[in-house]
Structures are given as structure tokens and as C-alpha cells.
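Reviewing the structure listed below.
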Amino acid sequence: MPEATRSGLKQAEAVFSLERVHVSFTQGQANKEVLQDVSFALFPGQRVALYGPNGSGKTTLFRCITGLVRPKRGLVRFHGEIVRTEKDFLPLRRKVGFVLQQAEDQLFFPTVLEDVAFGPLNLGLAPEAARERALATLAGLDLAGFENRLIHQLSGGEKKLVSLAGVLAMQPEALLLDEPTSGLDNAAQERLTEILRRLDTPRVVISHDWDFLAQVAGEFLTIQDGRLSGFSPSFAHAHMHAHPLGNKPHGH
């Protein structure tokens, strides 16, 4: 039962966990099992990398954690309590921030301030308190002065940071980041990397960029054929090339 737990970590209560989860989808007349007997728990303080081939079930795993996909078998827990219904998942979604791969899918309002304040408003904060939290979150991401910027005029990197700000403004207990560097130029990626390095929030990060993962995570999981496993890769140097070892990180 692979659990992303740090060696020697005291078994504090997990923020969330999956227990022997199976997820399948119907394709034509056949069922495709996307997740098979997956068990995983995220504890406070953990920074976990998740990688695997395209279509291996990485994003489905995130969607299962947040209740956007329901398992055919197995359990999802939030702070030890089983969550099954839409009502059960609402508290989890408020505390487990999901940063989508495409920032445009997460940004809805005309201005940056409106978008970042939306989450705090939904948590019940008064408008002025939500505004103050949004401004403080933007400042913490080096985006002070962006509050009146129009979303559609932002660069791809700026949109990614604003989508992260919208999640962080809800003060989540954990983060799920799906390919956060996708489409970013080098400068934007370096900025995002530095932000994640200084964040204490436990997280699971999906990426194919080993150098990025080495900087923002300390534990590593791979998913292949719907099954989750963990190991300790060696990041020898930055490289982008085809290799017989395929998907897994490797030294030389």
C-alpha cells in the first residue's frame, strides 16, 4: 500500500487519504480502469511529486481526491472522515486547493482582484475582509499592483500566478497542482518555482519536468497502468531527451 509518507514522519492525521480506490470509465462497450487499488495519504509538511505517462491517471487522481470523479470502489477521507456525497466534499474543496493545468479554466472575472477575492467571499468573509485577504495574497506572490489588471490582458505566466493566488486566498491546508509549469517561459517558471519553494503548504505536484520537481518536492510517486508507486530518484542534471529508462528520473 504505497503511502507518500516521509521516512520517520510521525503519523499525524492526514489532511486527506485514499484507501484502495478504483476508478473506471466506459469506453464504447468496455470499461477502462484508470485507477487500480490506489492508496495514498497526504500529511502536514509533505511535498509530493507525481509523474507518469500521459493518460496514466494523474489528473483523475486529483479529481477523485476532490470528489469531481467518484471511485467505483474504495474510500476517500478528509481528516479521517469518510466523504462520499457532494455535501461531504464541500469542506474538503474549501481546504484542498486544486490549481488546474490551464489557468483560463480557473479565471472567471474581468479583473484580478475580483477573481482572487471570489474564494474568500464564498467562505463567508465580508467584502472588505475578502478584498484585504486578496490584496495580501497578491502581495505575497509579488503581484502587488495587479489588482486592477484585466485578466484577458495578462501573460500566460501571470494568469498562472493569479490562478494560484485565487486558491491561496482561501488559505488551504493542502495544494494539488496539475502541471503548473505547462506553457510557461523560463522567467515565469523560475518565479513560480521560487514561490512554491517558500510556501509551507503541503502539496502534490504533477509535472514531467524533473528539475522543477526536484526543487518543489521532496517525495516522489509515479503512476503507471493505474497503479501508484514510490521511489527515490536521482536528479543528476537538467536534460530533455529520449532515454531507454523512459518515464522515470534517472542518474548518469
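The values are calculated or read from the model by the stated rules, or taken from the named source; none is laboratory data. Please read these numbers as outputs of a predicted model, since none were measured by experiment. All Cβ positions, glycine included, derive from the backbone under ideal geometry; neighbour counts span all protein chains shown.
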**Prompt:** List the pairs whose first member sits in the stretch 205-227 and is at pLDDT 90 or above, whose second member is assigned to a strand (DSSP E or B) and among the aromatic types (Phe, Trp, Tyr), and whose Cβ atoms are under 6 Å apart, counting only residues at least 6 apart or on separate chains?
**Reply:** Thr222/Tyr51
**Request:** Go through Leu42, Leu100, Leu90 for me and flag whichever is surrounded by fewer than 20 Cβ atoms within 10 Å (Cβ to Cβ) and in contact (Cβ under 8 Å) with a residue 24 or more places away in the chain.
**Result:** Leu100
**Asked** Which of the residues spanning the stretch 103-132 are closer than 21 Å to Leu176 by Cα and either without any contact (Cβ under 8 Å) to a residue 40 or more places away in the chain or out of contact with any strand residue (DSSP E or B) (no Cβ under 9 Å at 6 or more places or on another chain) (or both)?
**Response** Ala103, Glu104, Asp105, Leu107, Phe108, Asp115, Val116, Ala117, Phe118, Pro120, Asn122, Leu123
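This table checks each residue for (1) of a type in the set (A, V, I, L, M, F, W, C); (2) modelled with pLDDT under 95; (3) under 22 Å from Val96 (Cβ atoms).
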| position | (1), (2), (3) |
| --- | --- |
| Pro120 | no, no, yes |
| Ala126 | yes, no, no |
| Ala130 | yes, no, yes |
| Ala136 | yes, no, yes |
| Ala144 | yes, yes, no |
| Glu158 | no, yes, no |
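Just to be sure, is Phe118 within 20 Å of Ala165 (Cα to Cα), aromatic (Phe, Trp, Tyr), assigned to a loop (DSSP other than H, G, I, E, B) and within 21 Å of the chain's Cα centre (by Cα)? Can you show your working first?
On the way: within 20 Å of Ala165 (Cα to Cα): yes; aromatic (Phe, Trp, Tyr): yes; assigned to a loop (DSSP other than H, G, I, E, B): no; within 21 Å of the chain's Cα centre (by Cα): yes.
When the stated conditions are applied, Phe118 does not pass them.
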**Message:** When the residues of the stretch 228-246 are narrowed to those that are surrounded by 15 or more Cβ atoms within 10 Å (Cβ to Cβ) and in a loop (DSSP other than H, G, I, E, B), which ends up modelled with the lowest pLDDT?
**Reply:** Phe235
